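J.: Right, I'll just put the structure down here and ask away after.
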Amino acid sequence: MSRLVVLAVDDEPPALDELAYLLTTDGRVSQVHRAGDATEALRVLRDTEVDAVFLDIRMPGLDGMELARLLHRFARPPAIVFVTAYDDGAVDAFDLGVTDYVRKPVRAERLAESLRRVAGRRATPVAPAAAQVDEPSIPVELAGTTRMLPRSAVRWVEAQGDYARLHTADASHLVRVPLATLAERWAAAGFVRIHRSYLVQLRLVTELRLTQSGYVVSVDSVELPVSRRHTRELKDRLIRAAKHDWTR
């Protein structure tokens with residue numbers, strides 16, 4: 001397979017120099033283009049086809065998130081890797097289906113993992129952009145490294161202040177995203193608010209049961225409380241889902 005052509009975008013020259021240097025030292029990369037802002041990046045992309053854009057988020061003018069949304073509309077969008085000192089762009093990055101989310105200061109081994117993902121994405125045949133459905137993922141911290149967790153792996157979500165804890169079958173991950181934001185953005189994927197502190201994947205609910213203290217649902221043998229205000233809606237959703245399964 002031919003080596004990768006990439007574009008590094010950062011408005012801070014030292015950070016851009018460091019990122020470009022690390023990219024050039026990886027054997028999978030054949031050429032690194034540079035841009036100091038989104039406007040310059042679009043000029044490069046107008047004249048050059050690149051496999052991936054390594055992109056800072058906080059930049060003057062058109063920021064990295066806005067640029068990523070533009071790139072997402074390309075007929076053949078490049079892979080997008082956010083390279084940032086902040087984690088508050090995680091949920092927006094998830095919505096855009098980015099390939100990776102790398103925290104500064106950038107380490108060579110972490111960047112190598114991003115390039116591996118970019119190369120794997122290019123090696124996998126994909127449908128045209130209009131018909132393509134990517135597996136949505138959200139960046140999470142795991143042993144000091146940011147990983148992309150597929151939304152399909154999340155079983156239920158628990159509010160913890162202004163953060164949310166994503167529970168999978170065998171682990172949990174704290175993300176800097178309010179539960180209300182996830183409830184709104186994940187509703188179309190089958191996640192249902194059952195309590196001010198809990199969001200569950202409806203298809204994984206195995207039981208709705210009345211106890212002395214109120215209703216609870218079971219997800220992966222874990223019982224979660226259902227608030228009174230959400231009980232009727234949850235019952236209706238479960239009945240509709242069951243009827244759909246019966247009539248398929």
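The values are calculated or read from the model by the stated rules, or taken from the named source; none is laboratory data. In this text, all values refer to a predicted model and were calculated from it rather than measured experimentally. FYI the Cβ positions are ideal-geometry reconstructions off the backbone, even for glycines, and counts take in every protein chain you see. Accessible surface is based on the protein model in full, side chains and every heavy atom, while ligands, DNA and RNA are left aside. Shrake-Rupley method; radii C 1.70, N 1.55, O 1.52, S 1.80 Å.
J.: 5 Å is the cut-off here: which amide hydrogens, built 1.01 Å from N in the peptide plane, fall below it relative to HIS195, excluding neighbours closer than 5 in sequence?
T.: For HIS195, the qualifying residues are SER227.
J.: Please compute P(r) over all alpha-carbon pairs of the stretch 43-112, binned at 10 Å starting from zero, and give each bin as a whole-number percent.
T.: Percent of pairs per bin, in order: 19, 54, 26, 1.
J.: For the stretch 15-67, what does the alpha-carbon gyration tensor say about shape, rounded, prolate or oblate, given a ≥ b ≥ c as the root eigenvalues, a/c under 1.5 as rounded, and a/b over b/c as prolate?
T.: oblate
J.: Please compute one quarter of the surface area of the Cα convex hull for the stretch 155-224 and express it in square nanometres.
T.: Taking the Cα atoms of the stretch 155-224, their convex hull projects to 4.7 nm² on average.
J.: Cβ neighbours within 10 Å, averaged per peptide: list 163-175, 48-60 in order, most packed at the top.
T.: 48-60, 163-175
J.: Now, a different point. Given the whole protein assembly as supplied and a 1.4 Å probe, what does the accessible area of LYS104 come to in Å², nearest 10?
T.: 60 Å²
J.: Additional query: Roughly how many Å² is the accessible area per residue of the chain, as a whole number, for a 1.4 Å probe?
T.: I get 54 Å² per residue for this part.
J.: Given H placed 1.01 Å from N in the peptide plane, which residues other than close sequence neighbours of LEU149 have an amide H under 5 Å from its amide H?
T.: ILE138, VAL140
J.: How high is the relative contact order of the chain, given as a whole-number percent (alpha carbon pairs under 8 Å, six or more residues apart)?
T.: It comes to 11 percent, rounded to a whole number.
J.: I would also like to ask the following. Using a simple charge model, +1 on the beta-carbon of Lys and Arg, -1 on the beta-carbon of Asp and Glu, nothing else, what dipole does the stretch 1-86 show about its Cα centre, in debye to the nearest 20?
T.: So the dipole magnitude of the stretch 1-86 works out to roughly 440 debye.
J.: Given +1 on the Cβ of Lys and Arg, -1 on the Cβ of Asp and Glu, and no further charges, what dipole in debye does the chain carry about its Cα centre, rounded to the nearest 20?
T.: For the chain, the charge dipole is close to 1180 debye.
J.: Also, quick follow-up: What Kirkwood radius, in Å to one decimal, follows from the Cα pairs of the chain?
T.: 19.9 Å
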